[in-house]
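S.K.: I'd like to ask you about the structure that follows.
The values are calculated or read from the model by the stated rules, or taken from the named source; none is laboratory data. All values reported here derive from a predicted model rather than from experimental measurement. In this analysis, Cβ positions are derived from the backbone assuming ideal geometry, glycine residues included, and neighbour counts consider all displayed protein chains.
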Amino acid sequence: MSSHIPIELYDEIVGFIDHPRDLLKLALCCKVFHRLVIPHHIQYRHIRCPVDTPVLWQTLVALPLLALRVRRLELIPKSDTGALIPQVALRSGGGKESNTDDVYHDCTIAVSGMSKLIRLWIHDNAVEYEYFGHFFRSVKPRLVELQVEQALLNRTGALRDIVRPLFHLCLLSKLCLKLRCSETPETLLPITDEMRPLIDFVVNNVLLTDIHITIYNSFHSFAWPILKWGSWRCLRRLTLIRAGTEIGMVNGRDYDISSFLSHHPRLERLCLKVPDRIFFGTHSSTDTYNDYPHLRALRMATGHRPIRFIPRSISQSLESVYGDGLDPQDYYRMSSLRYLAGYCCTDLASLERLVDEHPYLERLHIAREYHGFGIRDYPYDTRIHILSQLGYLTHICGMFSLTGPALAILAKSIPTLRIVQIRVFDNPSVWIQIERDDDDSVVDFNEISSPEGGSDDEPWSDFFYGL
């Protein structure tokens, strides 16, 4: 590399690279880039820390060039031990004592200097409620990805106060909001001034490709307005969840989603867990549907009544279904199905038909029992024999209450099986990982917390998000 090129030009080149992985590759090119990238750039690309880190904010305020190097900022609670803070800032920063107002003031100024920030994640209890407005107003509009988790603590107008400062962020492509509201009455309220800013913010961000909105204990109907008024040219993933109580306990409204699907042909994943009853038009309208080759993952849990049918143009392309709100007959038309969760199987005949119709199933979750009777009431060797016909099966949940020799028979009969959920006494979620050698022979059984990609609230969410 020529030595007469100004060092500022090298620094400008490095500034165009966002991901630390790419920075490491550049650092291997020559000594000049190595000295620039490590540590002065690579340590600032991703910062993960609590707000109460005054040394960091004071350093970024005093040296604004360092703030320009931040691309991803993740604010975590003080109790979180997984901080990722530039050591250069800790060594060079000041050590003066700061109260809460001073810390948030320095943090706001530092964030306002991050003009190249593209990803912002705020974990629950990371930012105090009264400082949310000033903090969000300092974020530059170049932001591409925003994720916010926050408990609203039953404050009147809290949702409106958090969302309104976000309206200048008009270049977002990924949006994830997980908000906790007040207690839920038995009937959803119409759109009010409390929910209107959230709906307007989501609908007006027309560049969004990924939308995930989870509102706990919301007494406002937010799903159908977003589906009705939203129009995103490149939308690929949409998740709308009302959590906190059973959705069947709250009365929503009916909404035909066929028009929404027609205007979003690139949609790949659709997850709706809302009180509003979503349906796909009528049987007579199926001939007018276009093909949806991109829609591969579907989860529907809506309202008091199940969804009666899914058009064939949709079901044929589905690979992953979390179908706790679908009619059982819909499953048999899903010829490409690989992940199936929420299937209500009550007899051996329905299980045999499911296996015959979907020989490529990889993950299978059998849902709740029907009037106290379910597939677990049949002999386990019969169930194992039927499932052994699935040559690609890796995960099973909800079908067995066995341990010891019976578990060994299951693992031997299905050589591809890696994860199985079993019921032990009153514990319905004991996950067993099967260890195998190179010849697929069983070596050991290990108890794990949950399958990869899952969580405590949705242990089989990897069915939907794993594709």
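S.K.: Starting from residues that are among the hydrophobic types (A, V, I, L, M, F, W, C) and either surrounded by 22 or more Cβ atoms within 10 Å (Cβ to Cβ) or not in a loop (DSSP other than H, G, I, E, B) (or both), keep the ones in the range 307-336 and report whichever is modelled with the lowest pLDDT.
M.R.: ILE307
S.K.: Based on what the data block shows, is ILE17 among the β-branched types (Val, Ile, Thr) and within 23 Å of the chain's Cα centre (by Cα)?
M.R.: Taking the combined requirement at face value, the residue does not satisfy it.
S.K.: Shifting gears a bit: Quick check: is even one residue across the range 1-14 over 23 Å from LYS78 (Cβ atoms), more than 32 Å from the chain's Cα centre (by Cα), surrounded by 17 or more Cβ atoms within 10 Å (Cβ to Cβ) and of a type in the set (Gly, Ala, Ser)?
M.R.: No, the range 1-14 contains no residue that is over 23 Å from LYS78 (Cβ atoms), more than 32 Å from the chain's Cα centre (by Cα), surrounded by 17 or more Cβ atoms within 10 Å (Cβ to Cβ) and of a type in the set (Gly, Ala, Ser).
To keep it simple, each residue is scored yes or no on (1) in contact with a Leu (Cβ under 9 Å, 6 or more places away or on another chain); (2) at pLDDT below 90; (3) assigned to a loop (DSSP other than H, G, I, E, B).
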residue	(1), (2), (3)
HIS168	no, no, yes
LEU175	yes, no, no
LYS178	no, yes, no
SER182	yes, yes, yes
PRO185	no, yes, yes
ILE226	yes, yes, no
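Each row is one residue, and each column tells you yes or no for (1) touching a helix residue (DSSP H, G or I) at 6+ places or on another chain (Cβ under 8 Å); (2) at pLDDT below 85; (3) under 24 Å from GLU145 (Cβ atoms).
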position: LEU56; (1), (2), (3): yes, no, yes
position: THR59; (1), (2), (3): yes, no, no
position: ALA62; (1), (2), (3): no, no, no
position: GLU74; (1), (2), (3): no, no, yes
position: LEU84; (1), (2), (3): no, no, yes
position: ALA89; (1), (2), (3): yes, yes, yes
position: SER92; (1), (2), (3): yes, yes, no
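S.K.: Then there is this: Considering each residue of the range 194-222, count those that are modelled with pLDDT under 65 and either of a type in the set (Asp, Glu) or surrounded by fewer than 18 Cβ atoms within 10 Å (Cβ to Cβ) (or both), and give that number. Steps first, please.
M.R.: Kept after step one, since they are modelled with pLDDT under 65, are these residues of the range 194-222: 218-220.
With either of a type in the set (Asp, Glu) or surrounded by fewer than 18 Cβ atoms within 10 Å (Cβ to Cβ) (or both) added as a condition, the list becomes none.
Residues in the range 194-222 being modelled with pLDDT under 65 and either of a type in the set (Asp, Glu) or surrounded by fewer than 18 Cβ atoms within 10 Å (Cβ to Cβ) (or both): 0 in total.
S.K.: Give the range 33-49 a look and list any residue that's free of Cβ contacts under 8 Å to residues at least 40 places away in the same chain and surrounded by fewer than 16 Cβ atoms within 10 Å (Cβ to Cβ), or say none. So that I can check it myself, show each step before the final result.
M.R.: So in the range 33-49, the residues free of Cβ contacts under 8 Å to residues at least 40 places away in the same chain come out as 33-38, 41-42, 45-49.
Listed by number, the residues that qualify are HIS34, ARG35, ILE38.
S.K.: When only residues in the range 338-356 that are touching a helix residue (DSSP H, G or I) at 6+ places or on another chain (Cβ under 6 Å) and not hydroxyl-bearing (Ser, Thr, Tyr) count, which is surrounded by the fewest Cβ atoms within 10 Å (Cβ to Cβ)? Show your work before the answer.
M.R.: Keep residues of the range 338-356 that are touching a helix residue (DSSP H, G or I) at 6+ places or on another chain (Cβ under 6 Å), which gives 339, 341, 345, 351-352, 355.
Still in the list and also not hydroxyl-bearing (Ser, Thr, Tyr): 341, 345, 351-352, 355.
Values: ALA341: 25, CYS345: 23, LEU351: 21, GLU352: 13, VAL355: 17.
Only one residue tops the list, namely GLU352.
S.K.: Right, another one. Across the range 126-135, what is the number of residues that are over 16 Å from TRP57 (Cα atoms) and touching a strand residue (DSSP E or B) at 6+ places or on another chain (Cβ under 9 Å)?
M.R.: 2
S.K.: Hey, can you tell me all the residues within the range 109-127 that are closer than 16 Å to ARG142 by Cα and outside any strand (DSSP E or B)? Before the answer, list the steps.
M.R.: Keep residues of the range 109-127 that are closer than 16 Å to ARG142 by Cα, which gives 110-121.
Hits for the range 109-127 are ALA110, VAL111, SER112, GLY113, MET114, SER115, LYS116, LEU117, ILE118.
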